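Bear in mind these aren't lab numbers, they're just calculated from the coordinates by the rules spelled out. Note that the coordinates shown come from a computational prediction; the quantities given were computed from them, not determined experimentally. Virtual Cβ from ideal backbone geometry, glycine too; neighbours counted across all protein chains shown.
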Amino acid sequence: TEEYSPKKIEKKWQDIWDNEEAFKTGIDKTKPKFYALVEFPYPSGQGLHVGHPRPYTALDIIARKRRLEGYNVLYPMGWDAFGLPTENYAIKNKIHPQIVTENNIKNFKNQLKSLGYSFDWNREINTTDPNYYKWTQWIFLKLFEKGLAYKAEMPINWCTSCQVGLANEEVVNGVCERCGSEVVHRVKSQWMLKITEYADRLIDDLDLVDFLDKIKTQQKNWIGRSEGAEIDFKLSGKDEILKVFTTRPDTLFGATYMVISPEHKLIDKYREEIENWDAVMEYREMAAKKSDFERMELAKDKTGVVLKGLNAINPATGKEIPIWISDYVLMSYGTGAIMAVPAHDTRDWEFAKKFNLPIIPVIEGGNVEEEAFTDYNSTLINSDFLNGLKVTEAKAKMTAWVEEKGIGKKTKNFKLRDWVFSRQRYWGEPIPLVHCEECGYVPVPENELPLLLPETDSYMPSDNGDSPLAKMTDWVETTCPKCGGHAHRETDTMPQWAGSSWYFLRYADPDNNQEFASKEALNYWLPVDWYNGGMEHTTLHLLYSRFWHKFLFDLGLVNEPEPYQKRTSHGMILGENNEKMSKSRGNVVNPDDIVREFGADTLRTYEMFIGAFELSAAWSNDGVKGCRRFLDRVWKLQDFLTEDEGYSKELEIKMHQTIKKVTTDYEGLKFNTAIAAMMALINDFYKASRITRGEFKTLLILLNPAAPHMTEELFETLKFGGRLYQTTWPKWEEAKTIEAQVEIAIQVNGKLKATLAISREETQEAVKAQVMELEAVQTVISGKTIVKEIYVKEKIYNIVVK
Ligand code: ANZ
Ligand code: ZN
């Protein structure tokens, strides 16, 4: 036979699949459906990297397998193409972002095609296509209509380099997620989406879905629901109340001072009373320069200034306590004020130590002179009517007490903030609103959607922070759809997250221009059965898209409260030396090179074999070669083919075992062990120097989802009948997966002496008889007495001799 040559066969099969529309989504709605989704890529100028094929191959395996199992499969692909990298590239190279996007998409698509994915390209979508973003704008207008989009003067995160407002999620460790530059605060009027209104449901409905635990945990932590109480502290000698939020109302007796955020409005109100006003102002200025992230850092040295002349009363003890300002209390969380309990809160403890403030323990245990005691599993002390109660009981009792006295109430707080939905950049969806002096913000009428992004060559951000669209007077000047008067268009555009917040719905019905997708298509296809994506999208995209979906659910436009039934995640592929691949390290592997040298099937198989799917894995060229060798060996099995259409007696069990293993491992995302099982199987064929047609056919189908081209080719050459992609997935018989014989270990005095093949279900007597026949056993026990024998069924025969 000819040698295995991926070059000769891969392109051939890609064309055949295209021509035959092999992976076109079926229309037979009586079949069970399976919607597999991977995160659509951002078509960057760098092209595909070896990280992309890992998740795409994984779900391609599942999609291909499910088709052979008789499912109607939707496995779509598209482009998340608005956003900064393209715009920055366009500015730098003076090529319009539209052109850059088109080129990048072309390149990405060729690369994906060269890997033989079974995407249904008839359903390709592109977030920058007006036929697509028409509906992104439409959904935004629905949010606006329902009061969930609002404009607010917000201190926003401002990237000094990108010249753009960033969502909190885009600020990582105090710097811009994209460019690594410093992020400062700047006040700007921004469009906001009220995701906080959905905070409870975004947590509670996680119970309805099958997401990896770590994904659920990250979502919960990001939303950050804290349950506690608001408690009013009276200002000493004034008719003024200072409200705090605490998760530990039980510790009220231990609150020995208060801390308010330097921005708290109480400060300006009592300007006259505050004796050290200059020091307070100085501190305030210093704090304003820091990001929230810096301010929250646990390890950082505590700073602060006391408000001289102003005191509060602890409502439990009735004692007067001082009020401090410190930057570790944020204005944007809770009420911007806290009751400090230094004995049981670490930050308060450090602050009290530094400024010599009293530390009174109210929870039993620990040594609060040494460190804060933060144990929950203890009882209250020094707390009057709470003494002796457990923390949880005391919380409830104290909450009831403040409610009864009318000085507080049970409440909860979220870390989640509303979503800053404005960008002052060109390459995004225009926000379809006009501003009229008479009518305020008015939606662009639905029949005028899409509101096209206007053509311009000057898409540079302006240094005053306005969107480049603001300069396009002809476009900006318009008439009010409501009163016909003079009006201005909104010039902010949407953030990159907009298009990906609903794309999974569009795939159900991508060409519809009456609705974002028909109810019928949505009812059939949604929810997504299996969505795989990166852990880095767990807090942003996953949350945003769940929010939009829930909103559409509330409007009755989709049938299910959750968009994704199952969410899994893959690990990163690192460089050979276990470091992240990056241009600067020079360790980037280009998938095109691997395809050229070894073939797409090798790349696919290798990326599945590289290690446990959920963990990161280091690239290894030897590993790639090993996978190519495996495929070569599969190819050469042709030479050992017998006429037999069934399984041979010797390998029948092994065949059933392998079908079972591969089938269940694929579904369990254990691709590496599935491939290892097939490697073991072909070793057996080589050992036997023959393989039946029946065995080869099964092997080809099992391997097909990972290495679709070569298996399809062999299926054709060997005339197994029709196309592999149209055949059915092999089944195993449970009874035939069990070996008639098992191997047991024989130990004498704890040492392994021999192994023995026995029939299953043999009695201990029968096993013993065979054990005693063994020479290795006889030599060690001769002349000694057997004092004990233990038989662990079908595993070990233990003998103890003296
Ligand atoms: C008294 C207390 C005693 C607290 C104790 C904790 C432990 P999470 O769980 O993150 O919601 N806090 C409240 N508002 C704050 C703000 N704006 N800036 C900084 N800290 C703030 O944390 C809630 C706790 O963080 C609250 O409960 C409050 O301190 C503090 F043994 O009140 B606690
Ligand atoms: Zn008007």
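General observations
- Angle between the chain longest axis and helix 541-554 axis [Cα atoms, degrees, rounded to 10]: 80 degrees
- In degrees, nearest ten, helix 130-145 long axis to first principal axis of the chain (Cα): 40 degrees
- Here's the picture: charge each Lys and Arg Cβ at +1 and each Asp and Glu Cβ at -1 in the range 18-127, and of 42, 25, 110 the one pushed furthest to the positive end of that dipole is 25.
- Under a model in which nothing but the beta-carbon of Lys, Arg (+1) and Asp, Glu (-1) is charged, the chain shows a dipole of about 1480 debye around its Cα centre.
- Cα gyration tensor category, rounded, prolate or oblate, for the chain with a/c compared to 1.5: oblate
- Rounded to 5, percent antiparallel among DSSP beta bridges of the chain: 75 percent
- Computed [θ] at 222 nm, helices only, for the chain once each DSSP H run of length n ≥ 4 contributes -39500 (n - 2.57): -10000 deg cm²/dmol
- In the chain, Cα pairs under 8 Å separated by at least six residues give a relative contact order of 14 percent.
- Magnitude of the charge dipole for the range 86-217, about its Cα centre and with charges confined to Cβ atoms of Lys, Arg (+1) and Asp, Glu (-1), is about 620 debye.
- Cα shape, the range 340-421, gyration tensor, a/c 1.5 rule: oblate
- Percent RCO, i.e. relative contact order, over the range 544-643, from Cα pairs under 8 Å lying at least 6 residues apart: 25 percent
- Here the range 36-129 is treated with +1 on each Lys and Arg Cβ and -1 on each Asp and Glu Cβ, and its dipole about the Cα centre works out to around 280 debye.
- Residues 627, 480, 162, arranged from fewest to most other Cβ atoms within 10 angstrom of their Cβ, appear as 480, 162, 627.
- The distance from the alpha carbon centre of the range 613-653 to that of the range 222-247 is 66 Å, rounded to a whole number.
- Considering only alpha-carbon pairs that sit under 8 angstrom and 6 or more positions apart, the relative contact order computed for the range 129-230 is 24 percent.
- Global form of the range 427-508, assessed from the alpha-carbon gyration tensor, a/c cut-off 1.5: oblate
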